[in-house]
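Inspection log for the structure reproduced underneath, given as structure tokens.
The values are calculated or read from the model by the stated rules, or taken from the named source; none is laboratory data. All values derive from a computational prediction rather than experimental measurement. Note that each Cβ is placed from the backbone with ideal geometry, even for glycine, and that neighbours are counted across all protein chains shown.
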């Protein structure tokens, strides 16, 4: 999703994808290790980054949607 091709921009910026990977890794731990082994510092770090990461994700998707609308107008 963060790869850029000659004919289209990436859906997500590399930084957004990197931040989302942290959340995905956390989800894997929660799902497979269970909550009693969670690293509280990591949980707090993710909580602190959640809102900014969500805003970046939303902005990236909106930018991609704008590109799709421009492409549709050219057809």
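Being out of contact with any helix residue (DSSP H, G or I) (no Cβ under 9 Å at 6 or more places or on another chain) and either at pLDDT below 90 or surrounded by 15 or more Cβ atoms within 10 Å (Cβ to Cβ) (or both): is that true of residue 24 here?
When the stated conditions are applied, residue 24 passes them.
Looking at segment 37-53 only, could you name the residues that are farther than 13 Å from residue 22 by Cα and under 12 Å from the mean Cα position of the chain (by Cα)?
51, 52
Before we move on, is residue 55 surrounded by 11 or more Cβ atoms within 10 Å (Cβ to Cβ), assigned to a helix (DSSP H, G or I) and modelled with pLDDT of 95 or more?
yes
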